[in-house]
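> Pasting a structure here, questions to come.
The values are calculated or read from the model by the stated rules, or taken from the named source; none is laboratory data. Predicted model, so just to flag it, every value in this text is computed and none were measured. Glycine also receives a Cβ, built like all others from the backbone with ideal geometry; neighbour counts cover every protein chain displayed.
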Amino acid sequence: MTPTEALSRGPAVWALAAGQMLGFACQFFVFAGLVLFWHQDLGWAKSTLALGPMLALLVGAAFAPLIGRIVDRGRGPELMVGGAMVGVVGLFLMSQVQTPLQWALIWMLLGIGQLASQYEVCFGFLIRRLGPDARRAIIRVTLVAGFASTVSIPAYSALAEGFGWRVSLLTGAAVMAFAVVPLNWWGTRAIRAGAPPPVVQPSAPMGAGTRSRRLWLLAVMFSFSGLSHWMIAHLLIPVLVERGYPHELAVFAVAVMGPAQVAGRFALMQAETRISNARATLFTLSAMVLATCFLALSGAGVGMVIAYVLIQGSAVGITTILRPVLIADMLGAENYGSNAGRIQVPSMIINAFAPMIGALLLEGPGFWALIGLSLTLSLTSIAALRALRG
């Protein structure tokens with residue numbers, strides 16, 4: 001077993017996995033866990049509250065290329081530790097918030113903390129240090145991180161019910177400070193110490209036009225598939241209620257999406273390297289098309305809803321893993337961070353507006369327009385992938 005293969009299966013990777021899970025739980029899912037408490041206590045409109053996560057994504061998109069270049073310089077560990085510390089500050093400040101302006105500024109700070117400490121930087125670091133064995137490590141990281149919403153939303157809600165949302169946020173800041181920061185620090189330090197010096201193979205020779213074409217095809221594929229998922233996922237509860245299902249069942253369906261993502265990642269872990277990244281991506285994008293068809297047929301019975309949640313959740317979970325390794329496959333490991341950062345920009349911008357796009361469709365043309373756009377986006381993503389492989 002090579003040193004990088006041993007590291008990809010070792011405790012340092014599991015430490016990073018725990019850090020990612022807790023980091024997502026404390027920062028990313030804080031809005032879902034506390035939004036009702038903020039609405040009741042602060043008295044702000046839901047649109048004002050929703051502006052916060054949108055700003056976090058937009059600020060992240062603005063800084064993504066710069067963060068990617070820093071990863072390429074070998075500073076991924078410093079980013080992961082520093083970003084987690086920014087998260088500590090952001091959550092503490094949020095616990096003291098009084099005005100909408102403070103709210104907006106704090107979310108912009110959290111956007112930087114999330115970008116620097118979570119998936120993309122972690123994946124870039126693993127690809128740089130573990131090379132071909134990075135996919136195995138990334139699977140393990142996302143397998144654990146997939147439980148973030150399962151842990152976070154009930155915990156934030158329970159703390160807010162018992163002690164108030166400000167104490168709930170202070171608890172999140174404490175978890176970031178005393179768990180996420182040390183886990184990120186130790187995990188990256190151990191991999192740095194145990195892996196050979198990073199030898200990034202130069203990208204395969206290709207013309208500037210070819211490289212630019214591949215970059216944009218990757219951006220289209222991930223942006224469109226992301227929009228296809230998130231514009232429905234954010235509104236799945238009202239979609240199912242509108243289709244005649246009880247609110248409790250709709251909430252349960254949303255809750256199952258997270259474990260379904262974990263199941264998909266576990267299935268990919270069993271496959272290891274027996275299926276190529278491109279073929280696995282084609283499979284997951286095709287699964288998203290199938291899942292949307294099941295949602296379209298959701299009026300026929302609850303079995304269609306279950307099929308949608310399980311298939312869509314599994315496909316999205318696998319895509320999280322395949323995104324970084326496919327970028328490295330198509331553009332080379334050299335300058336991975338810069339390339340991933342540029343591809344990330346349109347995805348983050350589109351994801352910021354996904355709930356609004358979905359809501360406008362539901363309130364305007366209706367459910368079938370939402371289904372039609374979702375299918376069109378997924379099929380366009382498949383076409384982009386086929387063009388990449390051609």
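> Taking the range 93-108 on its own, how many of its residues are surrounded by fewer than 19 Cβ atoms within 10 Å (Cβ to Cβ) and either in contact with a Gly (Cβ under 8 Å, 6 or more places away or on another chain) or within 16 Å of Met176 (Cα to Cα) (or both)?
3
> Given the criteria in contact with a helix residue (DSSP H, G or I) (Cβ under 8 Å, 6 or more places away or on another chain) and charged (D, E, K, R), does Arg75 qualify?
Taking the combined requirement at face value, the residue does not satisfy it.
> When you go through Ala340, Ala315, Ala300 one by one, which is the residue that is surrounded by fewer than 21 Cβ atoms within 10 Å (Cβ to Cβ) and either of a type in the set (Phe, Trp, Tyr) or outside the structural domain of Gly68 (by TED's automatic domain parsing) (or both)?
Checking each option against the conditions leaves just Ala300.
> Of the numbered conditions (1) without any contact (Cβ under 8 Å) to a residue 60 or more places away in the chain; (2) under 18 Å from Thr188 (Cα atoms); (3) hydrophobic (A, V, I, L, M, F, W, C), Leu109 fails exactly one; give the number of that condition.
Tallying (1) without any contact (Cβ under 8 Å) to a residue 60 or more places away in the chain; (2) under 18 Å from Thr188 (Cα atoms); (3) hydrophobic (A, V, I, L, M, F, W, C), Leu109 fails exactly one: (2).
> Across the range 284-297, which residue is farthest from Ala137 (Cα to Cα) among those that are surrounded by fewer than 19 Cβ atoms within 10 Å (Cβ to Cβ) and free of Cβ contacts under 8 Å to residues at least 24 places away in the same chain?
Once the filter is applied, the top-ranked residue is Leu297.
> Answer yes or no as to whether Gly317 is among the small types (Gly, Ala, Ser), touching a residue at least 24 places away in the same chain (Cβ under 8 Å), under 23 Å from Trp216 (Cα atoms) and in contact with an Asp or Glu (Cβ under 6 Å, 6 or more places away or on another chain).
no
> Scan the range 123-169 for residues that are farther than 30 Å from Val325 by Cα and of a type in the set (Lys, Arg) and jot them down.
Hit for the range 123-169 is Arg166, nothing else.
> Also, quick follow-up: Can you tell me which residue among Gly68, Gly74, Gly60, Gly87 is surrounded by fewer than 17 Cβ atoms within 10 Å (Cβ to Cβ) and closer than 29 Å to Ile191 by Cβ?
Checking each option against the conditions leaves just Gly74.
> Scan the range 320-345 for residues that are in contact with a Phe, Trp or Tyr (Cβ under 8 Å, 6 or more places away or on another chain) and under 13 Å from Gly226 (Cα atoms) and jot them down.
Result: Thr320, Arg323, Ile343.
> Now a separate question. Would you confirm, using the coordinates I've provided, whether Val309 is under 21 Å from the mean Cα position of the chain (by Cα), closer than 25 Å to Ala50 by Cα and crowded, with 19+ Cβ neighbours inside 10 Å?
Answer is yes for this residue.
> Answer with yes or no whether Leu42 is surrounded by fewer than 20 Cβ atoms within 10 Å (Cβ to Cβ) and within 16 Å of Met94 (Cβ to Cβ).
Spelling it out, Leu42 is indeed surrounded by fewer than 20 Cβ atoms within 10 Å (Cβ to Cβ) and within 16 Å of Met94 (Cβ to Cβ).
> Quick one: which helices (runs of 4 or more DSSP H) lie wholly within the range 7-121 and hold at least 2 residues that are basic (Lys, Arg)?
The helices (runs of 4 or more DSSP H) meeting that bar are 46-72.
> Given the options Leu169, Leu143, Leu159, name the one that is within 26 Å of Ala233 (Cα to Cα), free of Cβ contacts under 8 Å to residues at least 60 places away in the same chain, in a helix (DSSP H, G or I) and outside the structural domain of Met257 (by TED's automatic domain parsing).
Within the list Leu169, Leu143, Leu159, the selection yields Leu159.
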